[in-house]
Amino acid sequence: MIKRQTTINRIFKLSGIGLHSGHPVNLEFLPRREQGIVFVLNGVQIPARYDQVADTRLSTLIARDGAAVSTIEHLMAAFYYAGITNCLVYIDGPEVPILDGSAWEFYQGMWKAGVYEFPEEQVYLKVVKPVEATHGDAWVRIKPLNTLDITMTIEFRQPVGLQRRRVSDVENAFSILNSRTFTMQEEIEAIKKMGLAKGGSLDNAVVVGEDDVLNPQGLRYRKELVNHKILDLIGDLYTSGYRILGKVEAHKTGHHLNNLLLKQLFSDPANYQIY
């Protein structure tokens, strides 16, 4: 269990293409003494915090002083699982690279870099009052619990259907970290008309066809799609700036609702304790 603030033990780099921009992107990770994950783009520091989120269409985008970085959720989930609380991420493009569509390569880079621990604490946020966010039949809620416990439900057309999974804290971390982003085949054209998914391919996303997934190797896990939604949720929750302790129940949630939940949580200091 993480007890104090941490950072990476050495500098490392990763490169790839942006899922939505299609442009090559380079990342350089540097140790940071101050608390929090901060992206640096063109000299502008953008804290990876819920109150810096400016767009939630198909990804989580943070912005500040005219600079913006999108698709941060997989990287943020890797920071959570690696136990990293403080880090500078230098980026030379508008979007975190998609890599293979999961968070595994980010996590591997952090694991190889190692963890350096500081004496300061205040890394946990304990929920003390129930909070929820809803939109239509989609919702996400959190209530008091002494660990992070997530139950996620997704519902799409067949062959996906209704899927549910529960995970507690960092158990089954590999299957969550290694699950890829996904889309329905019929949604791709509309997404591209929005100017998004220019870098998408079967190498970095699961595409669900009429009867089965179109990826030649199929799924990595039977519940890979619901696993990935848990990954997205954990990444979005880590924009709180803390490791959240609470029982999370989510149904058809997405980046917008995840961010709204954090805004509701922080709207009243009586909702939480930090230690």
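The values are calculated or read from the model by the stated rules, or taken from the named source; none is laboratory data. None of the values given here were measured: they were computed from a predicted structure. Counting neighbours? That spans all protein chains shown, and the Cβs are built from the backbone with ideal geometry, glycine included. All accessible areas refer to the heavy atoms of the entire protein, side chains included, with ligands and DNA or RNA removed. Shrake-Rupley method; radii C 1.70, N 1.55, O 1.52, S 1.80 Å.
Computed values, structure above
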{"read-out": "Matching residues in segment 185-225 - criterion: being in contact with a strand residue (DSSP E or B) (Cβ under 6 Å, 6 or more places away or on another chain), open to solvent by 30 Å² or more (accessible area, probe 1.4 Å), in a loop (DSSP other than H, G, I, E, B) and not aliphatic (A, V, I, L, M)", "value": "Lys223"}
{"read-out": "Residues (closer than 27 Å to Arg57 by Cα and outside any loop (DSSP other than H, G, I, E, B)) located in segment 89-117", "value": "Val89, Tyr90, Ile91, Glu95, Pro97, Trp104, Glu105, Phe106, Tyr107"}
{"read-out": "Among (1) closer than 30 Å to Gly93 by Cα; (2) assigned to a strand (DSSP E or B), the one test that Leu237 misses", "value": "(2)"}
{"read-out": "Selection from segment 130-146 of residues that are under 22 Å from Gly254 (Cα atoms), open to solvent by 20 Å² or more (accessible area, probe 1.4 Å) and not small (Gly, Ala, Ser)", "value": "Pro130, Glu132, Thr134, His135, Asp137, Trp139, Arg141, Lys143, Pro144"}
{"read-out": "Pairs, first under 21 Å from Ala173 (Cα atoms) in segment 132-151, second among the basic types (Lys, Arg), C-beta under 6 Å, six or more apart", "value": "Leu145/Lys247; Asp149/Lys247; Thr151/Arg166"}
{"read-out": "Glu117 being touching a helix residue (DSSP H, G or I) at 6+ places or on another chain (Cβ under 9 Å), open to solvent by 10 Å² or more (accessible area, probe 1.4 Å) and not polar (S, T, N, Q)", "value": "no"}
{"read-out": "Inter-residue pairs, beta-carbon under 9 Å, first over 20 Å from Ser267 (Cβ atoms) and in segment 35-59, second open to solvent by 70 Å² or more (accessible area, probe 1.4 Å) and aromatic (Phe, Trp, Tyr), 6+ apart", "value": "Phe39/Tyr90; Val40/Tyr90; Leu41/Tyr90"}
{"read-out": "Tally of residues being among the small types (Gly, Ala, Ser), within 27 Å of Glu117 (Cβ to Cβ) and outside any loop (DSSP other than H, G, I, E, B) across segment 58-87", "value": "3"}
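Residue-by-condition table, conditions (1) in contact with a helix residue (DSSP H, G or I) (Cβ under 8 Å, 6 or more places away or on another chain); (2) open to solvent by 10 Å² or more (accessible area, probe 1.4 Å):
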| residue | (1), (2) |
| --- | --- |
| Phe79 | yes, no |
| Pro97 | no, no |
| Leu125 | yes, no |
| Val160 | yes, yes |
